[in-house]
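The values are calculated or read from the model by the stated rules, or taken from the named source; none is laboratory data. Computed from a predicted model, the values in this text were never measured in an experiment. Using ideal geometry, Cβ is built from the backbone for each residue, glycine included, and neighbour counts are taken over all protein chains shown. Surface areas here come from the heavy atoms of the whole protein model, side chains and all, with no ligands, DNA or RNA. Shrake-Rupley method; radii C 1.70, N 1.55, O 1.52, S 1.80 Å.
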Amino acid sequence: MRVDVVSIFPEYLAPLRLSLLGRAQEDGILQLSVHDLRDFTADRHRTVDDTPYGGGAGMVMKPEPWALALEAVLAELPETNEAPTLIVPSPAGEVFTQALAEELAQEPSLTFACGRYEGIDERVLEWAAEHFRVRPVSLGDYVLNGGEVAVMAMVEAVGRLLPGVVGNPESLVEESHSDGLLEYPVYTKPSSWRGHDVPDVLLSGNHGLIARWRREQQFRRTAARRPELLEGADPAEFTGREREVLRELGYDVVDGRLVRQ
Ligand code: 6SD
């Protein structure tokens with residue numbers, strides 16, 4: 001997969017060269033290219049912002065450097081039948097989820113436009129829609145200073161789904177959110193540590209019992225921390241024993257759906 005990021009702080013993206021994603025780039029699985037928006041300005045101050053029409057606080061990113069930068073990215077993208085995807089991090093976008101990460105991992109390329117200040121002149125998104133599939137995406141319901149941190153999270157979440165990036169593909173399926181439940185707790189040696197013991201079942205060697213206990217922990221955690229993930233789930237996806245645990249946790253089946261009491 002090819003990933004292009006346009007930002008006024010290209011150094012912000014440096015951590016994407018480390019660890020598993022750094023290895024993926026060495027292995028040719030991921031081609032990451034970070035572009036400095038100021039390289040697409042024409043004035044001696046390399047100006048990327050100006051005052052907002054209609055007044056108000058802060059500055060807005062000028063449109064022309066964005067069009068030139070995105071045209072430079074487009075010129076480098078291989079020809080495809082489908083328009084390439086342009087992701088614009090924004091608190092006003094659709095929320096980034098594991099499902100969206102999985103969808104984006106199927107794309108041959110992703111381009112990210114990092115806003116700063118009060119944001120990018122809205123006409124850039126209108127113009128870009130002539131060349132890209134434009135998707136404003138929010139990392140979550142909180143406000144960041146710019147798009148860079150959101151892009152780092154999204155490139156990591158998508159990049160680790162590319163074949164060959166994560167060594168053991170089993171660790172991809174077992175994880176939080178791929179089955180809509182939170183992960184079970186994990187432990188390592190020593191079995192007794194500062195008065196806290198590893199649950200006996202994990203030392204039993206009984207793999208059937210261990211699998212059951214872990215699944216039950218997933219339900220308990222999800223009910224306690226993220227009850228909305230269970231609400232509305234299809235009970236047919238759960239075994240009889242699991243439905244028993246869910247009932248214990250205050251869930252009931254109404255019209256074939258899980259409902260919290
Ligand atoms: C000015 C931005 C771009 C400012 C953002 C995204 C999310 N989920 N929170 N905040 C954000 C993105 C903020 O450019």
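With every protein chain kept in place and ligands, DNA and RNA left out, what is the accessible area per residue of the chain? Probe 1.4 Å, answer in Å².
About 58 Å² of surface per residue is accessible.
Rounded to the nearest 0.05, what FRET efficiency do GLU76 and ALA236 give with R0 = 35 Å and r taken as the Cβ-Cβ distance? Could you check?
0.15
What is the spin-label model distance, in nm, from ALA224 to GLU11 if the labels are put 7 Å beyond Cα along the C-beta direction?
4.3
Give me the orientation-averaged projected area of the Cα convex hull of the stretch 113-173, in nm², one decimal.
Directional mean of the projected Cα hull area for the stretch 113-173 stands at 5.8 nm².
Each label point is 7 Å from the Cα along the Cα-to-Cβ direction; what then is the distance between the points at LEU162 and MET59, in nm?
So the label points at LEU162 and MET59 sit 3.3 nm apart.
With r as the distance between the Cβ atoms of ARG212 and LEU18 and R0 = 35 Å, compute the FRET efficiency 1/(1 + (r/R0)^6) and round to 0.05.
With a Förster radius of 35 Å, E is 0.40.
Grab the other residues whose beta carbon is less than 14 angstrom from that of ALA14, score K and R as +1, D and E as -1, and report the net.
Taking every Cβ under 14 Å from that of ALA14, the sum is -3.
Students often check this: by mean Cβ neighbours within 10 Å, which of 85-96, 49-60 ranks highest, and how do the rest follow?
With the highest mean Cβ count within 10 Å placed first, the list reads 85-96, 49-60.
How big is the charge dipole of the stretch 18-136 about its Cα centre, in debye rounded to the nearest 20, if each Lys and Arg gets +1 on its Cβ and each Asp and Glu gets -1 on its Cβ?
340
What is the gain in length, in nm to one decimal, between ASP197 and ASP179 on full extension, counting 0.36 nm per residue of separation less the C-alpha to C-alpha distance?
Length gained between ASP197 and ASP179: 3.6 nm.
Taking the mean number of other Cβ atoms within 10 Å as a proxy for protection, how do you rank 111-119, 20-28, 188-196 from highest to lowest?
111-119, 20-28, 188-196
Count the net charge of all other residues whose Cβ sits under 14 Å from the Cβ of THR51, scoring Lys and Arg as +1 and Asp and Glu as -1.
-3
Please compute the net charge surrounding LEU32, taking Lys and Arg as +1 and Asp and Glu as -1 over other residues with Cβ under 13 Å from its Cβ.
After counting each charged neighbour, the total is -2.
Mind checking the alpha-carbon convex hull of the chain and giving the volume per residue in Å³?
Per residue, the Cα convex hull of the chain comes to 212 Å³.
Given the C-alpha atoms of the stretch 144-185, compute the convex hull and give its volume per residue in Å³.
It comes to 100 Å³ per residue, whole-number rounded.
Using a cut-off of under 19 Å, list every residue of the stretch 140-165 whose amide N is near the label point 7 Å from the Cα of LEU172 along the Cα-to-beta-carbon line.
153-165
As a test, work out the antiparallel percent of DSSP beta bridges whose residues both lie in the chain, rounded to the nearest 5.
Here the antiparallel bridges make up roughly 25 percent for the chain.
Separation between the GLU94 and ARG46 pseudo-spin-labels, each 7 Å from Cα along Cα→Cβ, expressed in nm?
3.5
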